[in-house]
Amino acid sequence: MSLKINKSKLETFLLIAKHLNKSFGVVPILFGSLGLNKTIGEFKKSNDIDILLPDEFVNGRFKDLVDFMKVLSFRFKREIKEENEYEFAKGGEIVSFGGEDDLLVKLEMDSEKLKISQMKEASFKEFSPAQYLELYQFLAKNKNRRKENKKDSQKIRLIKKYIKSRSR
């Protein structure tokens with residue numbers, strides 16, 4: 001699905017994904033509202049670019065990740081411990097990396113069952129609408145996301161509406 005208001009964020013993600021593919025042989029997962037916008041159609045501007053990587057890459061090879069992002073002119077911004085995420089920034093663009101294993105285990109989801117997409121020489125994985133529904137229903141129960149609950153509920157309604165419109 002093509003994006004208009006999130007086009008530059010998608011372009012940034014594709015650049016990062018392409019370099020992760022080539023430099024480390026990693027196929028990242030496009031995640032969060034940018035991924036959801038791409039999957040069901042744009043419904044709002046995404047605040048950041050959320051990317052999931054294998055846990056051993058995010059945790060054990062964190063220095064490699066920092067060095068990799070420096071090459072792309074991003075600087076390390078902060079660690080969000082309660083969400084086990086790392087943020088990088090360049091200009092007004094924020095990229096967040098998290099580990100895929102822990103989340104996918106909690107969701108009882110196998111990363112091998114995620115759709116693999118290719119755009120502009122980049123390979124990446126993405127959630128289906130049904131997988132996004134499962135994800136946001138899970139996240140809505142998370143105590144640490146209380147401030148996000150309203151946004152999660154909105155996304156759940158949008159996903160259900162999208163799925164319903166496709167089943168006719």
query: Restricting region 57-68 to residues that are in contact (Cβ under 8 Å) with a residue 40 or more places away in the chain and either acidic (Asp, Glu) or in contact with a strand residue (DSSP E or B) (Cβ under 6 Å, 6 or more places away or on another chain) (or both), which is farthest from Arg157 (Cα to Cα)?
result: Asp64
message: Looking at the structure I just gave you, is Lys141 of a type outside the set (Val, Ile, Thr), more than 30 Å from Gly25 (Cα to Cα) and at pLDDT 90 or above?
response: no
- prompt: Say we look at region 47-56 and pick out the residues that are surrounded by fewer than 22 Cβ atoms within 10 Å (Cβ to Cβ) and not acidic (Asp, Glu); which of these is nearest to Glu112 (Cα to Cα)?
  reply: Pro54
- prompt: List, please: which pairs have Cβ atoms under 6 Å, are six or more places apart or on different chains, and start with a residue in region 152-168 that is free of Cβ contacts under 8 Å to residues at least 40 places away in the same chain and surrounded by 13 or more Cβ atoms within 10 Å (Cβ to Cβ) and end with one that is in a helix (DSSP H, G or I) and not hydroxyl-bearing (Ser, Thr, Tyr)?
  reply: Asp152/Leu139; Asp152/Ala140; Ile163/Pro129
query: Which residues, taken from region 1-32, are part of a helix (DSSP H, G or I), closer than 15 Å to Gln118 by Cα and of a type outside the set (A, V, I, L, M)?
result: Glu11, Thr12, Phe13, Lys18, His19, Asn21, Lys22
Matching residues in region 31-73 - criterion: being closer than 17 Å to Lys4 by Cα and aliphatic (A, V, I, L, M): Leu34, Leu36, Ile40, Ile49
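So, Lys63, is that one surrounded by fewer than 19 Cβ atoms within 10 Å (Cβ to Cβ) and in a loop (DSSP other than H, G, I, E, B) or not?
Here the answer is no, as Lys63 does not meet what is asked.
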message: Which residue is modelled with the highest pLDDT, if the candidates are limited to region 66-94 and must be over 15 Å from Phe13 (Cβ atoms) and crowded, with 16+ Cβ neighbours inside 10 Å?
response: Tyr86
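The values are calculated or read from the model by the stated rules, or taken from the named source; none is laboratory data. Everything quoted here is computed from the prediction, not taken from an experiment. Note: ideal-geometry Cβ built from the backbone for every residue, glycine included; neighbour counts use all protein chains shown.
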